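Working notes, beginning with the structure itself.
The values are calculated or read from the model by the stated rules, or taken from the named source; none is laboratory data. Since the structure is predicted, the reported quantities are computational estimates derived from the model, not experimental observations. Note that we place each Cβ from the backbone using ideal geometry, even for glycine, and neighbour counts take in every protein chain shown.
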Amino acid sequence: MNDTSPADRAAPPTTSPQIDTWTAALSRGEDVTIYRSRLKSFLLALLMLVIGLIGLAMALAGDLEMALVGWLLVLIGVLSTVVLLRRGFSPKPATVISDEGITVWSGSAGAVPWGQITDISLMRSAASTFVMVAVTEEERRRQSDDALSVDLDQEENGEAPTPTLWLPNGLAVNEEELVTWLEQERAARSAT
């Protein structure tokens, strides 16, 4: 469910020390690199490791059916732990913001130009917050399918689906500040 509301959207120009730092870096021609949160990745990896250990206990203590479920939990727990630790401690940035636009690590078509971005907003789902970058149809065709999805909530409301680029989850920044800043940058660049 798309749970965006006007309160979740970026407000008129607001500032914070972090937004000021990002704005200053872009004005100097520097890229702003954003990484995944190592703490969030570590805690999720720890949780998955615990699930794997519970699966191991089930595999060793139960009958055949319980053992199969247990070994499946071990496999899921261990693989998830490895993936989460690799992603969280990767030297590659999750997202790069530059004068050209926004580059998502998983996207293979390069930066999404500022002129191709139509909206930037937040979507909250349970305990997670996602940054959604709506793009033009032209940009959707240019980007690879693995980086873009279609916002189906709008389609259910009778509106045309919006091609949306989702920034990676678990970024090491305040997502609300990030959306505010990105929307300010988008608005400033489209006004010129």
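Points worth noting:
- Test result for TRP114, farther than 17 Å from TYR35 by Cβ and aromatic (Phe, Trp, Tyr): yes
- Of all residues in the stretch 151-175 being part of a strand (DSSP E or B) and under 30 Å from LEU39 (Cα atoms), the one that is modelled with the lowest pLDDT: ASP151
- Residue within the stretch 27-46 that is more than 26 Å from the chain's Cα centre (by Cα), surrounded by fewer than 17 Cβ atoms within 10 Å (Cβ to Cβ) and small (Gly, Ala, Ser) present: no
Residues are listed down the side, and each one gets a yes or a no for (1) part of a strand (DSSP E or B); (2) among the small types (Gly, Ala, Ser); (3) modelled with pLDDT of 80 or more:
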{"site": "LEU53", "(1), (2), (3)": "no, no, yes"}
{"site": "ALA67", "(1), (2), (3)": "no, yes, yes"}
{"site": "LEU72", "(1), (2), (3)": "no, no, yes"}
{"site": "ARG87", "(1), (2), (3)": "no, no, yes"}
{"site": "ASP99", "(1), (2), (3)": "no, no, yes"}
{"site": "ALA134", "(1), (2), (3)": "yes, yes, yes"}
{"site": "ASP146", "(1), (2), (3)": "no, no, no"}
